[in-house]
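Below: the structure, in structure tokens.
The values are calculated or read from the model by the stated rules, or taken from the named source; none is laboratory data. Bear in mind the structure is a predicted one, so any value in this text is a computation, not a measurement. Positions of Cβ are backbone-derived with ideal geometry, glycine not excepted, and every protein chain shown enters the neighbour counts. Keep in mind that these areas ignore ligands, DNA and RNA; they rest on the heavy atoms of the full protein, side chains included. Shrake-Rupley method; radii C 1.70, N 1.55, O 1.52, S 1.80 Å.
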Amino acid sequence: MRDTVVVVSGPGRVELAEQEAGELRDGTIRVRTRHSGISAGTELSFVKGTNPYLNVTFDTGLGLFRPGAASTPYPVTRLGYMQVGEVVQSRTPAIAVGTVGAMTYGHRTGYVADPLAERFVPLPDDLDPLLGVYVAHMGPICANGLLHAAADLCGTDVRSLGDGVRGRRVAVVGSGVVALLTALFARQHGAASVVVVDPTPQRRQVAEALGLETLDPDADDPAVVLKTRWHHSAGDRGADVVFQCRGQDWALHLALRLLRPQGTVIDLAFYQGGADAVRLGEEFHHNGLSLRCAQIGRVPRGLAPTWDRERLSAETIDLLRRHGDLIRKHLISAVVPFAEAPTLLTDLAARRRQELQVILTP
């Protein structure tokens, strides 16, 4: 048996390849891919050639990128982390044939998985399987942002994902998938106000269709607008917390300007080109601000025993149950046959095509 796999063979070069399917052993399952979502940030960095793993070694022991052989050289044969698969064979009593689950095995038409070593999140019957692409990884990325905001306020005593946003004024910079799901999480968990800031009219229209308020940073200075509106006390104006979700340096600089004194930016972005335009000698210094990276590789220190990836996936399922119809209608901009993946990915990387969320369907 063979599977079709999306392979990035070099910068700007994407192709489909046939690979032998894995061996079905005791304890494993074979899934047939139902849907495979594209993550425009991480995946396109491999297509563009801008991902640091392509050029240097990441020393996991030291947590440093160092000169040396690429940690992930071309060809990249495992691209993507937003899959939904249906179990077609099972050698474990824990997962029955016919079960549909969210996984992270990359763009391919089928896969053999060991559920003791890899995540398989069964999808409830009342959830559209197309929305399941968010359950294993993308949704937890956004939920982890809220978890970092909660830890910033409560330390290790986080009881609810809303502990960092409930009753607070929240700004979200960016309006891609991560930003919009994060904004929906914040609103669902009781934020007093949620405002999405992005210069792209089409993206703001999607945010508004989801019921979110937006600001155009090219029209008026959003820092002035929000600090005029959000008043805490004398000399204390602005957002309680800002979720920065756009991987460009101007966006991080703007996020810092939106904060009230001693506020925190929770950063979910990936700055492939660095962040040279960030000004740390201005608002960051004079307002005593904080910046926390909420990269999905870890939850806040001390919270792993109670806030594991499974719990973040459960929070994602709850969000999708509540807002799935709107997300399906407005966030998912295209469903494309798997065979078109090479053209699609190269067009997206070269900006010949603009999409918010594309899902491949074999």
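A few comments on the model shown:
- Convex hull of region 288-336 built on C-alpha atoms - directionally averaged projected area, nm²: 6.1 nm²
- Each residue of region 188-193 was assigned a 3J(HN,Hα) from its phi angle through the Karplus curve 6.51 cos²θ - 1.76 cosθ + 1.60 (θ = phi - 60°); the sequence is 4, 9, x, 4, 5, 8 Hz, with glycine and proline shown as x.
- Principal axis dimensions, largest first and in whole angstrom, of region 1-122 by Cα: 46, 33, 24
- Element breakdown for the chain at a 1.4 angstrom probe: carbon and sulfur atoms account for 49% of the accessible area.
- Cα-based shape type of region 189-275, given that a ≥ b ≥ c are square roots of the gyration tensor eigenvalues and the cut on a/c is 1.5: oblate
- Region 232-312 shape via C-alpha gyration tensor axes, a/c threshold 1.5: oblate
- Magnitude of the charge dipole, region 31-182, Cβ model with Lys/Arg +1 and Asp/Glu -1, debye to 20: 260 debye
- Alpha-carbon radius of gyration plus Dmax, which is the widest Cα pair, for region 96-148 in Å: 12.2, 37
- Among Leu212, Gly238, Val265 the positive-end extreme of the charge dipole of region 210-328 (Cβ point charges): Val265
- Sequence of Asp26, Asp125 from largest to smallest accessible area, 1.4 Å probe: Asp125, Asp26
- Per residue solvent-accessible surface (Å²) - the chain, probe of 1.4 Å: 44 Å²
- Packing here is the average count of other Cβ atoms within 10 Å per residue, and on that basis the peptides 234-245, 189-200, highest first, run 234-245, 189-200.
- In loop segments of region 1-39 as defined by DSSP, the GluC sites (Glu not before Pro) with at most 11 further C-beta atoms inside 10 Å of their C-beta are Glu23.
- Amide H partners (placed H, <5 Å) of Met82, local residues excluded: Gly37, Gly106
- Anisotropy class of region 258-362 from Cα gyration tensor, a/c 1.5 cut: oblate
- Think of each Lys and Arg Cβ as +1 and each Asp and Glu Cβ as -1; about the Cα centre, that makes the dipole of region 239-362 roughly 120 debye.
- For region 174-301, the residue among Leu184, Trp250, Phe284 whose Cα projects farthest onto the positive side of the dipole built from Cβ charges is Leu184.
- Rotationally averaged projected area of the chain (alpha carbon convex hull; nm²): 18.5 nm²
- Test item: Cα-centred dipole of the chain, Lys/Arg +1 and Asp/Glu -1 on Cβ, debye: 180 debye
- Convex hull volume of the C-alpha atoms in region 117-264, normalised per residue: 137 Å³.
- Dividing the convex hull volume of the alpha-carbon atoms in region 53-173 by its residue count gives 203 Å³ per residue.
- Karplus-based coupling profile of region 42-47, in residue order and whole Hz: 5, 5, 5, 5, 6, 5, with θ = phi - 60° in 6.51 cos²θ - 1.76 cosθ + 1.60 and x standing for Gly or Pro.
- Positive-end residue of Leu312, Gly110, Ala151, charge dipole of the chain with Cβ unit charges: Ala151
- Accessible area of Lys329 in the full protein assembly, 1.4 Å probe (Å², nearest 10): 150 Å²
- Sequentially through region 88-95, phi angles give Karplus couplings (6.51, -1.76, 1.60; θ = phi - 60°) of 10, 9, 9, 10, 9, x, 6, 9 Hz, Gly and Pro residues having no value and appearing as x.
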